[in-house]
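The values are calculated or read from the model by the stated rules, or taken from the named source; none is laboratory data. Just so you know, these numbers come straight off a predicted model, no measurement behind them. When we count neighbours, we look across all protein chains shown, and the Cβ atoms used for this are built from the backbone with ideal geometry, even at glycine.
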Amino acid sequence: MSRKVGGMSQTKVKKLTPEQAALIPVYREKWRARSLSTGPINRSQAAETVKSAYAIIGKKAPEVKEQNAEIRRVLIQGIGYDRICQELAVTELESWQEYTLLSIEFDDDFDNQGNAKPVYLLKMSCPSTGHIHALRVPPNVRSSSRASLTAKGAIRWVNWDIDPDEFSVQT
């Protein structure tokens, strides 16, 4: 069955060939590595890719107007942390002092068993300014004493493997 999407003919795939099915883990790992990458991006290539994807579906791509991270932070602060968390259906998994491990599930990323793969963030509240910062952390951060994902494991990962209990002074 073929249909037109954004001027291009699309054929609906009903069953994968064995070769296509064998490539799923390869592509999953490729895109997982890209999504967890902390390296610099090629902004112009990313912008062109987004524009191309929107063109395929016949829509105009949204424009990111603000490149400055501090200004984006202020804009997000204006929307409100609580409202953003509500819109994204954020789950608070665990807290330790001024740190909270968060989870956001998206309905388009799955593991080998078909379970949704959430994105994990470490929310940090600055004790002196009250500003909230969040960093994405890998799904495998563990504390030294537990096998499960923990806030202390995420803090340790963010701080180059320094255990949070070893912090001498927090300002």
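On the basis of being over 19 Å from Ile162 (Cβ atoms) and either in contact with a strand residue (DSSP E or B) (Cβ under 8 Å, 6 or more places away or on another chain) or of a type in the set (Asp, Glu) (or both), does Tyr99 make the cut? So Tyr99 fails the test. The residue that is modelled with the lowest pLDDT, among those in the range 122-171 that are aromatic (Phe, Trp, Tyr) and part of a loop (DSSP other than H, G, I, E, B), is Phe167. Considering the conditions (1) touching a helix residue (DSSP H, G or I) at 6+ places or on another chain (Cβ under 8 Å); (2) surrounded by 14 or more Cβ atoms within 10 Å (Cβ to Cβ); (3) not polar (S, T, N, Q), Leu121 is excluded by exactly one of them, (1). Among all positions in the range 26-47, there is no residue which is over 20 Å from the mean Cα position of the chain (by Cα) and surrounded by 10 or more Cβ atoms within 10 Å (Cβ to Cβ).
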